[in-house]
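One structure is given below, encoded as structure tokens.
Values in this text are rule-based calculations from the coordinates and carry no lab data. Here the structure is a predicted model, which is why all the values come from computation and not from measurement. We place every Cβ from the backbone using ideal geometry, glycine too, and count neighbours over all the protein chains shown.
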Amino acid sequence: MKCIKVSCEKETEDLGSKLGKIVKPGDIICLIGDLGAGKTTFTKAFAKGLEVEDYVTSPTFTILQEYEGRIPLYHFDVYRIEDVGEMENIPYEEYFYGDGVCVIEWAELIREILPKDYIRIEIKYIGIEEREICFEATNESYDKQLEELLR
Ligand SMILES: Nc1ncnc2c1ncn2[C@@H]1O[C@H](COP(=O)(O)OP(=O)(O)OP(=O)(O)O)[C@@H](O)[C@H]1O
Ligand SMILES: [Mg+2]
């Protein structure tokens, strides 16, 4: 695991957009962090890096939002899920194991059904503009991507 302290929103965005530039089809990015930590801010920049042109901040009740980019972006926000069984209402496996890249806000709420491997990004609130962002990879391929992102 590697943690970085950022001191403003732009630094979070730079990390997001850089990751968006290096991800590959099938990649899974799990975002963890409290309300207002910066998960959507990170995702928005990630979308930009992925060349998504029509990103809109989705209403909180939208669990899945799909975007066209360099590769398709499937943006999940599962905050409203009370039971992981509710995920059966969407064909999530088609997305998790598809050719796009999945970004999952509040991924810990659906831990049981997450794919085996993913990049885990935890954003912790430190101060009004300061955050600590911790990156973790579950396999070697994701490890290489993180090395490229953080070097
Ligand atoms: N360094 C920073 N990184 C990210 N966001 C920051 C930073 N500094 C300030 N902010 C502000 O913090 C807020 C983060 O909100 P955001 O919607 O991204 O959080 P979130 O984690 O998605 O919350 P939620 O769980 O409610 O969806 C924004 O208003 C953003 O401007
Ligand atoms: Mg959010």
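For the reader, a short list of remarks on this structure follows.
- Pairs, first in contact (Cβ under 8 Å) with a residue 24 or more places away in the chain and part of a helix (DSSP H, G or I) in the range 34-48, second small (Gly, Ala, Ser) and surrounded by 24 or more Cβ atoms within 10 Å (Cβ to Cβ), C-beta under 6 Å, six or more apart: Phe42/Gly16; Ala45/Gly16; Phe46/Gly16; Phe46/Gly20
- Residue pairs meeting the criteria (Cβ under 7 Å; at least 6 apart or on separate chains; first within 24 Å of Cys8 (Cβ to Cβ), in the range 129-149; second among the hydroxyl-bearing types (Ser, Thr, Tyr) and surrounded by fewer than 13 Cβ atoms within 10 Å (Cβ to Cβ)): Glu129/Ser7; Glu130/Ser7
- Applying the criterion of being touching a Gly at 6+ places or on another chain (Cβ under 8 Å), within 11 Å of ligand 1 (Cβ to nearest atom) and not aliphatic (A, V, I, L, M) to the residues of the range 29-70, the residue that is farthest from Phe96 (Cα to Cα) is Thr41.
- Given (1) under 14 Å from the mean Cα position of the chain (by Cα); (2) assigned to a loop (DSSP other than H, G, I, E, B); (3) aliphatic (A, V, I, L, M), number of the condition Val56 does not satisfy: (1)
- Residue ID - farthest from Leu19 (Cα to Cα), chosen from residues in the range 78-125 that are touching a residue at least 40 places away in the same chain (Cβ under 8 Å) and surrounded by fewer than 13 Cβ atoms within 10 Å (Cβ to Cβ): Tyr97
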